[in-house]
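S.K.: Got a structure here, written out as structure tokens. Questions coming.
The values are calculated or read from the model by the stated rules, or taken from the named source; none is laboratory data. Computed from a predicted model, the values in this text were never measured in an experiment. Neighbour counts are summed over all protein chains in view; Cβ atoms, including those assigned to glycine, are modelled from backbone coordinates with ideal geometry.
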Amino acid sequence: MERLSALYASALFDLAMDRDAVDEFLSQTKFLLEMLQEDEDCMRVLLHPHIPAAEKQQLFKSAFTGCINDELFGFLFLVTDKNREAFLIPALTALIERIDRHMRKALAKVTSATELDEKQVAEIKDVLSGQLDKHIEVSLKVDPSIIGGPYIFVDGYYIDWTVKSHIRGLTVHLKEGCSA
């Protein structure tokens, strides 16, 4: 599935580049992906094997006319014509990732024990932006079980500054020291 999704994403990216419409493709793809991920009924219809492609395409027309460009409509129609609706969300996700790489953007998924304030988020963005030489967007999550400190996943890197991780490391170190 990943390979075909990447091929679809690559073709859409090439179209965006050819039409000098990368920003437009990015915003419309994000909108489309968000709508599909939030609407479980729509996805149930799209993935249903006994609903004809024409009905699925009509659903797209009624939901997205005026919101997405002809190229994205063409992609949606191609996917339904070929009964490859299961590739839709992975392909759109891959397209967004491809455009983000092209635009030197990265999403940092930051998990902390408590809510971070704007200053802390700005500091994380600045540090990561300097280290990765990319524009950083931040997605925040709170998980009290990590006790304190954040862990960050960005651009294939995992940074763990959590108290929970340090305690775990200390426990392992003490066990190894005691058994020596």
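S.K.: Name the strands (runs of 3 or more DSSP E) wholly within the range 130-180 that hold at least 3 residues that are of a type in the set (Val, Ile, Thr) and either in contact (Cβ under 8 Å) with a residue 60 or more places away in the chain or under 20 Å from Lys109 (Cα atoms) (or both)?
M.R.: Once the strands (runs of 3 or more DSSP E) in the range 130-180 are filtered for at least 3 residues that are of a type in the set (Val, Ile, Thr) and either in contact (Cβ under 8 Å) with a residue 60 or more places away in the chain or under 20 Å from Lys109 (Cα atoms) (or both), what remains is 135-142.
S.K.: Next question, about the same structure. Here is a check on your reading of the model: is Ala113 touching a Phe, Trp or Tyr at 6+ places or on another chain (Cβ under 8 Å), touching a residue at least 12 places away in the same chain (Cβ under 8 Å) and at negative phi?
M.R.: no
S.K.: Taking the stated definitions as given, is Val121 part of a helix (DSSP H, G or I), outside the structural domain of Cys42 (by TED's automatic domain parsing) and of a type in the set (A, V, I, L, M)?
M.R.: So Val121 passes the test.
S.K.: Further question: Determine, yes or no, whether Thr111 is of a type in the set (Val, Ile, Thr), surrounded by 13 or more Cβ atoms within 10 Å (Cβ to Cβ) and over 30 Å from Lys141 (Cα atoms).
M.R.: It is false that Thr111 is of a type in the set (Val, Ile, Thr), surrounded by 13 or more Cβ atoms within 10 Å (Cβ to Cβ) and over 30 Å from Lys141 (Cα atoms).
S.K.: Go through the residues of the range 46-57 one by one and say whether even a single one is surrounded by 13 or more Cβ atoms within 10 Å (Cβ to Cβ), under 22 Å from Glu2 (Cα atoms) and touching a residue at least 60 places away in the same chain (Cβ under 8 Å).
M.R.: Taking every residue of the range 46-57 in turn, none turns out to be surrounded by 13 or more Cβ atoms within 10 Å (Cβ to Cβ), under 22 Å from Glu2 (Cα atoms) and touching a residue at least 60 places away in the same chain (Cβ under 8 Å).
S.K.: Of Leu116, Leu88, which residue is in a loop (DSSP other than H, G, I, E, B) and not basic (Lys, Arg)?
M.R.: So the residue among Leu116, Leu88 that is in a loop (DSSP other than H, G, I, E, B) and not basic (Lys, Arg) is Leu116.
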